[in-house]
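Heads up: the structure comes next, in structure tokens.
The values are calculated or read from the model by the stated rules, or taken from the named source; none is laboratory data. Computed from a predicted structure; not experimentally measured. Positions of Cβ are backbone-derived with ideal geometry, glycine not excepted, and every protein chain shown enters the neighbour counts. Accessible surface is based on the protein model in full, side chains and every heavy atom, while ligands, DNA and RNA are left aside. Shrake-Rupley method; radii C 1.70, N 1.55, O 1.52, S 1.80 Å.
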Amino acid sequence: MSTLTVSPGTTDTTGTAAALRRLYFVRFAFALVWALVMFTMATKLTPAATVLLVLYPLFDVGAAVVDARASRTTRSPRLLYVNMAVSLAAAVGVGIAGASGIPAVLRVWGAWAIVSGLVQLIVAVPRRALGGQWPMILSGGISVLAGASFVASAGAAEPALTSAIGYAVPGGIFFLISALRLGRAAK
């Protein structure tokens, strides 16, 4: 990941929008590639699948670090620090839960989706002036609902990891839409 800077002659808002736009494109690409790879191994919880499941929240930590650096000039990144801590805890939790099976993984993944979705929602609402944040607001709300469904599906007769793929793809699409919409604000 690269350090984000605001070039001379741009406003803090323009620089933040440009940095977020780049970040959102990267997040879209990561989610899509992750989902494609995860799809090949979603039928059972193998060590490789567990690594992929741990990687997703770890990537979220890195993205929150980049977001916090980019947002520092326009507002306090305090909630992004919360997101970093929650995503790091989720990565550790998913790694540990992997030894217990798919239901345990889905419960941890669901709790993470709920909390990180709430944080995403709370961060995106004040950023509406930047543009491109309505997809992030929707994504945060959907993440909360998806997280609840992961927790509920953990008690199913045959819980599956495919729901995690169903979480990553729409999330990636929301990042793509936001990146495209931020193009106006970044200019």
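Consider VAL54 carefully, then state whether it is surrounded by fewer than 15 Cβ atoms within 10 Å (Cβ to Cβ), assigned to a helix (DSSP H, G or I) and modelled with pLDDT of 95 or more. Taking the combined requirement at face value, the residue does not satisfy it.
Among the criteria (1) small (Gly, Ala, Ser); (2) touching a Pro at 6+ places or on another chain (Cβ under 8 Å); (3) not in a loop (DSSP other than H, G, I, E, B), the one GLY155 does not fulfil is (3). Taking the stretch 117-142 as the range and being at pLDDT 90 or above and surrounded by 20 or more Cβ atoms within 10 Å (Cβ to Cβ) as the test, only GLY117 passes. Given the structure, is GLY98 in contact with a Gly (Cβ under 6 Å, 6 or more places away or on another chain) and either open to solvent by 50 Å² or more (accessible area, probe 1.4 Å) or not β-branched (Val, Ile, Thr) (or both)? Judged against the criteria, GLY98 is not a match.
Within the stretch 168-185, is there a residue that is farther than 16 Å from TYR24 by Cα and either surrounded by fewer than 20 Cβ atoms within 10 Å (Cβ to Cβ) or among the hydrophobic types (A, V, I, L, M, F, W, C) (or both)? There is no residue in the stretch 168-185 that is farther than 16 Å from TYR24 by Cα and either surrounded by fewer than 20 Cβ atoms within 10 Å (Cβ to Cβ) or among the hydrophobic types (A, V, I, L, M, F, W, C) (or both).
Give the residues of the stretch 64-91 that are small (Gly, Ala, Ser), under 23 Å from ARG107 (Cα atoms) and either surrounded by 19 or more Cβ atoms within 10 Å (Cβ to Cβ) or modelled with pLDDT under 90 (or both), sorted by residue number. Result: ALA64, SER87, ALA90, ALA91. Report yes if some residue within the stretch 144-151 is open to solvent by less than 40 Å² (accessible area, probe 1.4 Å), more than 22 Å from GLY62 (Cα to Cα) and part of a loop (DSSP other than H, G, I, E, B); otherwise report no. No, the conditions are met nowhere in the stretch 144-151.
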